[in-house]
Structures are given as structure tokens and as C-alpha cells.
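Laboratory data are not the source of any read-out in this text; all were calculated from the coordinates shown. All of these numbers come straight from a predicted model, not from anything done at the bench. Glycine also receives a Cβ, built like all others from the backbone with ideal geometry; neighbour counts cover every protein chain displayed.
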Amino acid sequence: MRLTNTFVKTLREAPKDETAKNGALLSRAGYIHKEMAGVYDYLPLGLRVIENIKNIIREELNKIGCEEILMSTLQNPEPWEKTGRFADQEVDIWFKTELSSGGIMGLAPTHEEPVTEMMKSYITSYKDLPLYIYQFQTKFRNELRAKSGILRGREFLMKDLYSFHTSEEDLNDFYAKVEEAYHQIFARLGIGDCTYETFASGGIFSKYSHEFQTFLPVGEDTVYYNTDKSIVLNKEVYNDEVLADLGATGESFEEATAAEVGNIFKLKFKYSEPLGLNYNDENNEVKTVYMGCYGIGVSRLMGVIAEKFSDDKGLVWPEVIAPYKYYLVGIGEKGIAEAEKFYSGREDIVLYDDRDKRPGEKFADSELMGLPLRIVISDKTLSENSAEITDRKTGETWRVGLGELFEKF
């Protein structure tokens with residue numbers, strides 16, 4: 001990307017109605033554009049970050065045998081009515097629309113019902129199971145208070161995975177694989193050391209579910225953790241009975257705020273039974289399919305990482321999800337000529353600031369955008385046959401020879 005070829009511009013001040021740190025920084029740095037409360041556009045740089053997050057999730061899920069699909073956003077009310085989740089009295093976050101020909105459709109807040117209904121066309125025998133499918137898809141939830149930038153939106157990107165099994169034992173085995181995959185995902189994203197698997201309410205079909213909570217000062221959840229953080233509980237299940245279940249009676253717990261970035265549920269028959277998702281077993285007897293569901297908030301993750309990895313100058317992206325690895329600046333006639341040479345053939349990893357701006361303005365934007373390394377090639381560095389490299393995270397600056405720059409970077 002050449003900055004002269006993009007419509008995106010950085011902002012010196014955050015939009016007046018954007019109070020969340022992640023929303024303010026991402027808007028100022030040209031990653032997102034706010035349409036209205038809880039609704040954002042992802043600009044070229046922001047979209048690259050989103051795609052990098054998705055690719056890490058995709059790689060870890062594919063390793064455990066999951067298959068990617070993409071389902072519709074518009075929802076037929078019928079399967080939702082069978083589970084009792086289409087009525088506003090039961091689920092009050094629906095966005096619904098009337099068809100010109102009559103009738104109502106909804107915009108999906110999640111996909112348990114439609115994916116269960118869809119699987120009735122593909123699961124008939126025990127030979128068809130187990131099955132694990134996931135998607136990256138935009139969800140819509142009519143939140144009463146959309147706030148905290150992209151940490152909580154009315155329109156957001158989610159990864160939702162659904163698993164189908166012949167037995168509870170098989171469900172439990174796969175559930176454990178997803179737990180490990182999630183730990184790998186968050187570790188690769190750079191938040192593994194501050195994201196914890198957390199006990200939460202399992203609703204009506206399981207005593208507990210598990211959330212993945214990233215400790216964050218602006219998080220919306222309250223969690224409690226023991227000394228070594230081997231046990232972390234959501235506030236909703238922090239009581240003597242649960243502590244006894246976990247063998248933690250008498251332990252000392254501290255309170256923290258956190259942002260939920262993922263959750264996993266053993267659904268069992270919650271949706272397969274009312275929707276009639278069955279299979280014939282080895283004895284040709286009709287059995288109900290066991291199910292699990294596993295979510296990760298992709299756009300929320302981007303906001304959490306922006307909150308976590310930033311300073312008073314701007315964003316500080318982990319290299320694995322940064323939109324580009326290098327922020328390139330050429331200064332002076334000879335410096336610009338060499339910068340052009342370096343940029344050629346490296347367009348996918350280099351953001352080239354070729355604007356007619358003062359060096360100080362370019363340096364400020366490089367810090368605001370938060371790419372891992374800034375490369376400066378100037379008439380001054382060329383007098384020593386070198387380029388200057390600055391690490392955004394540490395602030396460390398060093399020189400490399402031009403030969404090494406072109407060969408290794």
C-alpha cells in the first residue's frame with residue numbers, strides 16, 4: 001500500500017462521540033469508520049487486521065478437523081419458533097424486518113437453530129458423525145447500550161463453530177480439543193498470558209459453561225481468580241457451592257474486570273431435540289444428535305488487542321495480525337529513490353508513506369498506526385550505506401546495511 005493511493009487519512013483527534021480507547025485509536029489511525037452507535041465500517045487497514053485474526057482462528061480449527069461454511073444472515077422464523085427463541089418476550093435483541101409480500105424475517109444474532117435445521121439434510125446415519133462446521137459471519141443484536149467501541153456492537157463479526165456427535169463422550173472429547181485450540185489461538189494473538197478459561201453459568205442444559213476472558217480495565221465482566229489464576233470464575237457463579245465443586249473452598253480470590261473473547265457450550269439436546277435432528281445408530285434405532293457450540297468474537301478481539309497493545313502515541317500491533325510488517329519512509333531525493341526500490345516486490349508486507357509530508361508527520365503517523373517496524377532510508381543513512389530501523393514496541397532504533405536490508409527484510 002502507498003499512502004498516496006488510499007483514501008484513508010489519520011486524524012489528530014478522535015471523533016467527539018467516541019469515548020472508548022479502542023474506538024478512538026482505531027478511528028484516528030484509519031482502521032475503522034463509525035456509522036452510528038455500535039456500527040462500524042472496516043477500512044483497508046482494519047480489514048487486513050480482521051483477516052489476519054480470522055486466518056489464525058481458521059488454521060487452529062482446521063487442525064482439529066473443522067470445516068468452514070458461510071450461512072445466510074436473513075432468518076426464517078420457523079426453526080426459532082420451535083425452540084421458543086423468536087418471540088421478543090424470550091429474546092429481546094432481534095432485528096426483524098417485514099417482507100413486502102407479507103411475513104417477518106430476522107437478522108441472525110447467532111446460528112444454532114438454522115445450522116441444526118440445515119444438518120437434517122445431511123445427517124441420517126451414525127456414519128455421518130461426528131461433524132464439525134464453523135463460519136465467520138456478521139451477527140446483529142439490538143443491544144440496549146452499544147458502547148465500548150468495537151468491544152460491543154449491534155453489528156459485529158463472529159466465528160461460530162457447531163459440533164454434532166453420537167454420544168456425550170464424543171462431545172466431551174471434542175470439547176477438550178476446542179479448549180486447547182482456543183488456548184493456541186489466544187496465545188498466537190499475543191493475549192495468551194492475560195486470557196483465562198473461566199467458569200460461567202451453563203444455563204438449563206449444563207451446570208457450567210466456559211468463557212475465555214481477557215483481563216482488561218475496561219472489560220464489562222467481573223471475574224474472580226485465585227492466587228495462581230488456575231481457577232477463574234465469572235461473578236454469576238462465584239459462590240460457596242461452586243467453590244466447593246471446584247475444591248477451592250478456603251482459597252483466597254481477588255476481583256478483576258475482563259472482556260469476554262470466546263465461549264464454549266455443551267448443548268447436548270438443547271436444539272437437536274425440538275428441531276428433530278436425529279440419526280440411525282448401528283442397530284437402526286433412531287437417536288438424537290448431541291451438539292456443542294463454540295464462539296469467538298472476531299471484531300471484539302480486534303478491539304481487545306487495540307486496548308491491550310497501545311500507548312500514548314497510538315497502536316502497537318503484534319506482528320502476527322498487523323496489517324503490514326513495515327512502515328517505510330524515504331527522506332531526500334536519494335532516500336526516496338532507494339525506498340522505491342525496497343518497496344517494489346514487497347507490497348504485501350510494506351506500507352509505504354510516499355506522501356509529500358514532513359518527516360515528523362510521517363513518524364507520528366507510523367506510531368499512531370502501530371506497525372511493528374519502521375524503516376527510514378534517507379540521504380543521511382545512505383551516506384553510511386545503511387537504513388534506520390525502529391521497533392514500535394520497544395522504541396529501539398538501529399542501523400542495518402543496505403545489502404542486509406534488501407536481503408533479509
For Lys266, list the aspartates and glutamates whose Cα falls under 16 Å from its own Cα; do not include residues on the same chain fewer than 8 positions away.
-> Glu112, Glu113, Asp160, Glu168, Glu169, Asp170, Asp173, Glu179, Glu180, Glu197, Glu211
So what's the net charge close to Glu169: Lys and Arg +1, Asp and Glu -1, counting the other residues with Cβ under 15 Å from its Cβ?
-> 0
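Decide, for the range 324-408, between rounded, prolate and oblate: order the square roots of the alpha carbon gyration tensor eigenvalues as a ≥ b ≥ c, take rounded if a/c falls under 1.5, and otherwise choose prolate if a/b is larger than b/c, else oblate.
rounded
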3J(HN,Hα) from dihedral phi, the range 290-304, Karplus parametrisation 6.51/-1.76/1.60, rounded to Hz, x for glycine, proline = 7, 9, x, 9, 8, x, 9, x, 5, 5, 4, 4, 4, x, 4
Integer Hz, Karplus 6.51/-1.76/1.60 couplings in order for the range 228-244, x for Gly and Pro = 9, 6, 6, 10, 10, 10, 5, 3, 5, 10, 7, 8, 4, 5, 5, 4, 5
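Here is the link list: Lys16/Lys96; Lys21/Lys177; Lys16/Lys308. Which ones come out longer than 28 Å on Cα distance?
Lys16/Lys96; Lys21/Lys177
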In whole angstrom, the spacing between the Cα centers of the range 156-193 and the range 288-350 equals 25
When each of Lys82/Lys270; Lys139/Lys270; Lys63/Lys127; Lys63/Lys159; Lys207/Lys235; Lys139/Lys325 is checked by Cα-Cα distance, pairs over 23 Å | Lys139/Lys325
Have a look at the DSSP beta bridges in the chain and tell me what percent are antiparallel, nearest 5.
-> 80
Could you grab the relative contact order for the chain? Cα pairs under 8 Å, six or more apart, rounded to a whole percent.
-> 17
Among Ala337, Ala387, Ala256, which one moves the most in a GNM of the chain with springs linking Cα atoms closer than 10 Å?
-> Ala337
Can you bin the range 3-311 into rounded, prolate or oblate? Criterion: square roots of the alpha carbon gyration tensor eigenvalues sorted a ≥ b ≥ c, rounded for a/c under 1.5, prolate for a/b above b/c, oblate for the rest.
-> oblate
